[in-house]
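The values are calculated or read from the model by the stated rules, or taken from the named source; none is laboratory data. Remember, it's a predicted structure, so these values are computed and weren't measured experimentally. Because the Cβ atoms are built from the backbone with ideal geometry, glycine has one as well, and the counts that use them run over all protein chains shown. Note: areas computed on protein heavy atoms with side chains; ligands, DNA, RNA excluded. Shrake-Rupley method; radii C 1.70, N 1.55, O 1.52, S 1.80 Å.
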Amino acid sequence: MNRMTWFEKGAKQLRGMFKSENSLIFNDNLETVQQYRERWRSIHIIYFTMFLISLGFSIIVTGVWPYLDKMDPTAGKEFMGFVVAANPFAQMIFSPLVGWWSNKLGSIRVPMIFSLLLFTIASAMYSSLELFSSHRKHWMLWSRFLVGVSSANIAACRSYLSAATRYSERTKAVSMISLAQVLGFVIGPAIQAAVVPLGGEGTWLIKNHLKLNMYTASGWINVFLSLLNIYLFFPKVFKEHRIAVKEAMLKHGKNNVHETWKEETPNYFSAWSLIVAFFVIVFNFMLLETLATPVTMDQFGWSKSESLWYMGILMSVGAILAIVTFASIAPLSRRFPEVKIMIWGGFFFMVLGRILFIPFYGNPPKTYDAVFKLNLTIYCDMASRNETYGMDFHHLNETLRSYDRFLNPASVRNETAVRISTLSCGEDLLGCPNSQEWCAYTPRLKLSQFLLGYFLTAFGYPIGVTLIQTIFSKLLGSRPQGVWMGLMTGSGCLSRVMGPVFVTYIYEEYGTIWTFTLTTVMMAGCLIWLLSFQEILNPIDVKPTVEDEGQELKEITRFVSVDLNEIEQQD
């Protein structure tokens, strides 16, 4: 009975997060019933947009390495870091510009539609790399860069959310937009796992030119969802309502917007501290997003398809944990200061998660000959074009004998025979490549360490990233936040630029111990900084400037909740 009661309470809380606001605070004269509905419909569209943009980044993260390796076996993991970083690099550059553009227009509709059109084109390009006869890795890089340009609309989304919510609604709204973003990050790999049955070969979309397989399907899913998102921003569906400044004017007793903003000068030290904290926490989350597939393949000896499948399952569980975590933020914020929850529930868990990824003892992982694997891949690629002349069959066969395999030049046109004799074009060679010298002596990461560290991150990251944005928005007040949100978004983008490039380099050159020790130190340093200045990070709710106005507000803010369905029936 108690278990059922607990379950019912949890289910009710989750339903409360996802349902629309069902009552209208009507006697402050800030909005009508129709405006209220239109405002929340626009906010829900922003939620979906944030989900899609995050999905556009994460849906390829676990598949980008095997896809890149398939398109160009000579690219290497370092180039993969550049491919992953191209998206946030472009987003970092263009986020303040899109924020400024939306502020200048006084509307986000045109920037959003334009950016989503670009997102559609770039996603289609990513899935069409087979159409290019050469420089495929560079076309992949440019496609991800353009997706990043389109993703700069996140700044406009966050700015609009701050403008379209009341102060009392802000924590829940930012929790939901953060949930949408995190779900996009964690569901992306799950979708990638779901299309694994298509296989690496897939089926032809355009005979002998373009295939639908487990790598390209993710891009086409983005294309479909972005076209739907563009429709949602049409004038008949998306109507902009900015209520934050109206509420601030009422509370300050001002009739002029600019006078109201003068009353709400933000603490710039606190704002920049939160921007840096956002950089640190996103950097550490992207560490897992970027390295998850290579680490599991190197440390646990998983194949490409196994890594995509298992990581998809793990990140799906992470999505469920994220939902539960987000459900806890609002009730926790009513009992404890948001800054303390951010520090102890977010950053402290993240520090513990990083420590757990450090392998302290044990045997090194299984290794394989990286040069031999590359030669097998090149042979398969040449055999598919019937261009095997010049290949050193004798040298390859010497190594293949230890695997009971043999290359026969006469069977080069038999695709099945080629794959069998080349150990599936080298894909059956599993473990840590001997080109990474640390693989020979660094203790292997244990699966239990990896899982526990990931689950701590799944709890800590949603709390930290949500409350950073909530506190940041409240510190800025009712002023237009396009540029500031562009800086916040740019901070997250910078972390996603530096993370893949820096971390993949450190991981490939120095291994797991150096990689996770450095990130642990980074997280711990940020935790100490926030603890030191936690008092000035607390946003102060705006108060009336005159005693009489305060008394008037006490009367006005004795709100009455009215069910919208009852109002409809009266109408």
- [ ] For THR367, enumerate residues with amide H under 5 Å from its amide H, sequence gap 5+ or separate chain, H modeled in the peptide plane.
- [x] CYS432
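For the ranges 103-110, 429-436, what's the packing order if you count other beta-carbon atoms within 10 Å of each residue, average per peptide, and put the highest first? Don't skip to the answer; put the middle values down first.
Details: 103-110: 15.9, 429-436: 19.1.
So the order, starting with the most tightly packed, is 429-436, 103-110.
Pull out the extension gain between PHE234 and THR399, defined as 0.36 nm times the separation in residues minus the alpha carbon to alpha carbon distance; nm, one decimal.
Working: separation 165, 0.36 × 165 = 59.40 nm, distance 6.16 nm.
That works out to 53.2 nm of additional length.
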Task: Two-site label geometry, ASN434 and PHE224: point separation in nm, points 7 Å out along Cα→Cβ - done: 4.5 nm
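If you roll a 1.4 angstrom probe over the protein chains with everything in place, what fraction of the accessible area of region 146-209 belongs to carbon and sulfur, to the nearest %? Write out the running numbers ahead of the final one.
On the way: 1200 of 1800 Å².
In region 146-209, the share of accessible area belonging to carbon and sulfur is 67 percent.
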Task: Globularity index of region 72-139, i.e. its alpha-carbon radius of gyration over 2.2 N^0.38 Å - done: 1.42
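Could you sort out which of LYS172/LYS340; LYS304/LYS446; LYS211/LYS446; LYS104/LYS137; LYS211/LYS366 sit more than 29 Å apart by Cα distance in this structure? Could you put the intermediate results ahead of the total?
Numbers: LYS172/LYS340 17 Å; LYS304/LYS446 19 Å; LYS211/LYS446 37 Å; LYS104/LYS137 37 Å; LYS211/LYS366 34 Å.
In this structure, LYS211/LYS446; LYS104/LYS137; LYS211/LYS366 lie more than 29 Å apart at Cα.
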Task: Surface accessible to a 1.4 Å probe, VAL237 within the full protein complex, Å² - done: 30 Å²
Open item on the list: Can you give the FRET efficiency to the nearest 0.05 for ILE206 and GLU535, using r as the Cβ-Cβ distance and R₀ = 56 Å?
Closed with: 0.35
Task: Cα-derived Rg over Rh, computed across region 319-358 with Rh taken as Kirkwood radius - done: 1.05
- [ ] Collect residues whose amide H, placed 1.01 Å from N in the peptide plane, falls under 5 Å from the amide H of LEU210; neighbours closer than 5 in sequence don't count.
- [x] LEU205
TODO: Grab the eigenvalues of the alpha-carbon gyration tensor for region 107-150, scale each by 5, take roots, and send me the semi-axes largest first in whole angstrom.
DONE: 25, 9, 5
